[in-house]
Protein chains: 2
Amino acid sequence: MTEPRWLDDRRQRSWRAYLAMNSQLTARLHRQLQADSGLSLADFDVLVQLTGRPDGRVRVLELARALQWEKSRLSHHIARMQRRGLVAREDCPDDARGAYTVLTPLGRQAIEQAAPRHVETVRALFFDQLTAEHVDALQAIAHRVLSRLEDNAQP
Amino acid sequence: MTEPRWLDDRRQRSWRAYLAMNSQLTARLHRQLQADSGLSLADFDVLVQLTGRPDGRVRVLELARALQWEKSRLSHHIARMQRRGLVAREDCPDDARGAYTVLTPLGRQAIEQAAPRHVETVRALFFDQLTAEHVDALQAIAHRVLSRLEDNAQP
């Protein structure tokens, strides 16, 4: 194998800072959400997907794709949310593509209560720190990386 | 409670893109690392922390802080890595601050084998998509957000 192209200092600093921001911001948003509403960030992400559908329901496989979670992780998570009454499962016996996950009234209430504080926290910790140019640069960066990720299944 | 300040379209798009990039990039880096070396991204992060210390050892509490993981999650993870021989535990009976996690020769070998492919993947998926201005903007964004996060413990 040829000598790996290690990151230069500039990229190394940028990468380390990006990773630190991700993990610390995620941890903080998670703690805030838990303290305010008893939801985890993962619960919140699932509920956001469901509220984004006109009839509040989505197939498990589609949900896994939208969230980019492994199927087994999602199944376990959905089962736990079901036991807490946040979602329900609806089987479709005549359709091999399997079950729907459905938003319950309790699930809708939970996210409606949680969302205002969550968005305030996202503003306070994130957007209030950035210029308009930063906001646009971040979107451009994310779109470029996402295009590359969608281009092929393996690097 | 007053009407929440929902994100405007520009910030909403930027936030969604940022979240999607994080989750998809993390998932891809994790799969690549697993396929190439059998390490998870979490294993990799722990091993990076250990190789960054002159004597390859760190206290569990300090490791939790550096990684921004909850203590219980880290303890479980370290126990699994110990069973695989990647790290060892060293107690210090005369010190109430507790045990060290120590890099083993097998752990060092694992990260030395995994790192070159991992950095190539980070380049291919991430840095090769960005301009020098993007790299600097990302670092600026991350530093601003991290400063805010360090400023106070709660939003």
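Every residue, every condition in (1) touching a Phe, Trp or Tyr at 6+ places or on another chain (Cβ under 8 Å); (2) over 20 Å from residue A:140 (Cα atoms), yes or no:
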| position | (1), (2) |
| --- | --- |
| B:94 | no, yes |
| B:106 | no, yes |
| B:109 | no, yes |
| B:114 | yes, yes |
| B:117 | no, yes |
| B:122 | yes, no |
| B:125 | no, no |
| B:135 | yes, no |
| B:143 | no, no |
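If we scan segment A:85-104, do we find a residue that is open to solvent by 90 Å² or more (accessible area, probe 1.4 Å) and within 24 Å of residue A:22 (Cβ to Cβ)?
No, segment A:85-104 contains no residue that is open to solvent by 90 Å² or more (accessible area, probe 1.4 Å) and within 24 Å of residue A:22 (Cβ to Cβ).
If you scan segment B:1-22, which residues turn out to be in a helix (DSSP H, G or I) and surrounded by 14 or more Cβ atoms within 10 Å (Cβ to Cβ)?
B:11, B:13, B:14, B:15, B:16, B:17, B:18, B:19, B:20, B:21, B:22
Can we say residue A:16 is at the interface with chain B (Cβ under 9 Å from one of its Cβ atoms), within 19 Å of residue A:117 (Cα to Cα), out of contact with any Gly (no Cβ under 7 Å at 6 or more places or on another chain) and of a type outside the set (Ser, Thr, Tyr)?
no
Pairs please, first residue from segment B:128-142 and free of Cβ contacts under 8 Å to residues at least 40 places away in the same chain and farther than 16 Å from residue A:5 by Cβ, second anywhere and part of a helix (DSSP H, G or I) and among the aromatic types (Phe, Trp, Tyr), Cβ atoms under 8 Å, 6+ apart in sequence or on different chains.
So the pair list comes out as B:138/A:18; B:139/A:18; B:142/A:18.
Scan segment A:47-55 and give yes if some residue there is farther than 30 Å from residue B:115 by Cα, charged (D, E, K, R), within 20 Å of the chain's Cα centre (by Cα) and open to solvent by less than 90 Å² (accessible area, probe 1.4 Å), otherwise no.
Looking through segment A:47-55, at least one residue is farther than 30 Å from residue B:115 by Cα, charged (D, E, K, R), within 20 Å of the chain's Cα centre (by Cα) and open to solvent by less than 90 Å² (accessible area, probe 1.4 Å).
Kindly list the number of the only condition in (1) away from chain A (no Cβ under 13 Å); (2) open to solvent by less than 60 Å² (accessible area, probe 1.4 Å); (3) on the phi < 0 side of the Ramachandran plot that fails for residue B:126.
Residue B:126 satisfies every listed condition except (1).
Can you report the number of residues in segment A:67-79 which are surrounded by fewer than 17 Cβ atoms within 10 Å (Cβ to Cβ) and in contact (Cβ under 8 Å) with a residue 12 or more places away in the chain?
Of the residues in that region, 1 qualify.
Residue B:30 is checked against (1) touching a Leu at 6+ places or on another chain (Cβ under 6 Å); (2) more than 23 Å from residue A:5 (Cα to Cα) and fails just one. What number does that condition carry?
It is condition (2) that residue B:30 fails.
Return yes or no: is residue B:35 modelled with pLDDT of 90 or more, more than 27 Å from residue B:120 (Cα to Cα), part of a helix (DSSP H, G or I) and out of contact with any helix residue (DSSP H, G or I) (no Cβ under 8 Å at 6 or more places or on another chain)?
Taking the combined requirement at face value, the residue does not satisfy it.
Somewhere in segment A:111-121, is a residue of a type in the set (A, V, I, L, M) and more than 10 Å from every other protein chain (Cβ to nearest Cβ)?
Yes, segment A:111-121 contains a residue that is of a type in the set (A, V, I, L, M) and more than 10 Å from every other protein chain (Cβ to nearest Cβ).
Take the conditions surrounded by 14 or more Cβ atoms within 10 Å (Cβ to Cβ), among the polar types (S, T, N, Q) and within 14 Å of chain B (Cβ to nearest Cβ) and apply them to residue A:82. Does it pass?
Taking the combined requirement at face value, the residue does not satisfy it.
The values are calculated or read from the model by the stated rules, or taken from the named source; none is laboratory data. Note that the structure is predicted; figures quoted are calculated from it, not measured. Virtual Cβ from ideal backbone geometry, glycine too; neighbours counted across all protein chains shown. These accessible areas exclude ligands, DNA and RNA; they are computed on the full protein's heavy atoms, side chains included. Shrake-Rupley method; radii C 1.70, N 1.55, O 1.52, S 1.80 Å.
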